[in-house]
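Trainee: Mind looking over this structure? Questions follow.
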Amino acid sequence: MDGEAALARLKAFREELAAWARAVGRAPEEIRLLLASKTVPADVLRAVAAREPLLLGENFAQELKVKAPKLADLPVEWHFIGHLQSNKVKDVLPFVTMIHSLDRPSLARELHKRLTKEGRRLPVLVEVNTSEEPQKHGLPPDEVDAFLTFLRDYPTLSVQGFMTVGPLTSDEDRIRRSFARLRELRDAMQARFPQLPLVHLSMGMSGDWKLAVAEGATILRIGTAIFGPRPT
Ligand SMILES: *Cc1c(COP(=O)(O)O)cnc(C)c1O
């Protein structure tokens with residue numbers, strides 16, 4: 001996949017997204033499109049970012065660290081969307097404006113330690129395992145309340161909502177229920193923690209974004225639909 005092809009797909013995707021959002025009663029402007037750029041070479045991203053500002057999401061600290069400096073002259077904002085090991089926090093922080101995958105106290109401690117040194121706050125989303133598949137990252141929904149209480153002692157972390165990865169299944173009802181669950185959890189936590197701006201629901205990928213939009217997604221994470229299949 002080259003830059004021109006990705007640009008064409010991006011344009012078509014934005015149009016389809018706007019039409020679908022309206023069809024399900026959402027305002028297209030309230031949904032941000034994040035491009036999941038893992039394995040996509042920097043030169044392909046450069047060709048796209050040269051034409052329009054991009055929000056990119058990376059999964060691997062090492063890949064982010066190599067790619068982000070190559071695009072530093074372009075209007076690119078980076079989010080981190082993958083599982084983050086505590087010893088990789090230092091590699092990620094210089095580049096990102098949000099982390100979607102905060103899922104445990106040890107990671108919060110490491111982030112807070114580094115951010116405190118830098119005198120900086122960082123928007124974060126708490127990753128939730130809404131389908132309760134054992135192999136998945138993310139907190140079980142019933143541990144989120146206690147985790148948000150714990151995070152009160154980590155004021156450099158600005159919790160702005162939740163992230164989930166839908167279950168890998170063709171059963172649309174199950175996928176939709178997992179997204180609805182994230183929205184319901186957000187509503188419940190917003191009532192419990194009124195001081196937090198829990199505005200974001202990061203959910204929906206290439207295969208299930210329409211269901212996510214219907215259930216209130218504010219950030220879609222789209223890779224394959226724009227960049228084509230990844231090398232295996
Ligand atoms: C790769 C990835 C995506 C994008 O997946 P596609 O199916 O290629 O759209 C979204 N979120 C996360 C966490 C990912 O790792």
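Trainee: Report, by residue number, each residue of the range 168-211 that is away from the ligand (no atom under 11 Å from the Cβ) and outside any helix (DSSP H, G or I).
Mentor: T169, S170, D171, F193, P194, Q195, L196, P197, L198, V199, H200, L201
Trainee: I'd like to verify a number: residues in the range 3-45 that are open to solvent by 90 Å² or more (accessible area, probe 1.4 Å) and more than 17 Å from M205 (Cβ to Cβ), how many?
Mentor: So the answer is 7.
Trainee: Quick one: in the range 95-143, of everything that is within 18 Å of A36 (Cβ to Cβ) and of a type in the set (S, T, N, Q), which residue is surrounded by the fewest Cβ atoms within 10 Å (Cβ to Cβ)?
Mentor: Per the criteria, the residue is T97.
Trainee: For residues in the range 152-167 being assigned to a strand (DSSP E or B) and more than 14 Å from the ligand (Cβ to nearest atom), which is surrounded by the most Cβ atoms within 10 Å (Cβ to Cβ)?
Mentor: By that ranking, first place goes to G161.
Trainee: Of everything in the range 62-93, what is assigned to a loop (DSSP other than H, G, I, E, B) and either touching a residue at least 24 places away in the same chain (Cβ under 8 Å) or within 14 Å of the ligand (Cβ to nearest atom) (or both)? Give them in sequence order.
Mentor: Result: L71, L74, P75, I81, G82, H83, L84, Q85, L93.
Trainee: Out of the residues in the range 212-232 that are more than 21 Å from S101 (Cα to Cα) and not basic (K, R), which is farthest from the ligand (Cβ to nearest atom)?
Mentor: Within the range 212-232, the match that is farthest from the ligand (Cβ to nearest atom) is A214.
Trainee: Residues S206, S178, S170, S202: which one is buried (at least 18 other Cβ atoms within 10 Å of the Cβ) and farther than 28 Å from K117 by Cβ?
Mentor: S178
The values are calculated or read from the model by the stated rules, or taken from the named source; none is laboratory data. All values reported here derive from a predicted model rather than from experimental measurement. Cβ atoms come from the backbone with ideal geometry, glycine included; neighbour counts cover every protein chain shown. These accessible areas exclude ligands, DNA and RNA; they are computed on the full protein's heavy atoms, side chains included. Shrake-Rupley method; radii C 1.70, N 1.55, O 1.52, S 1.80 Å.
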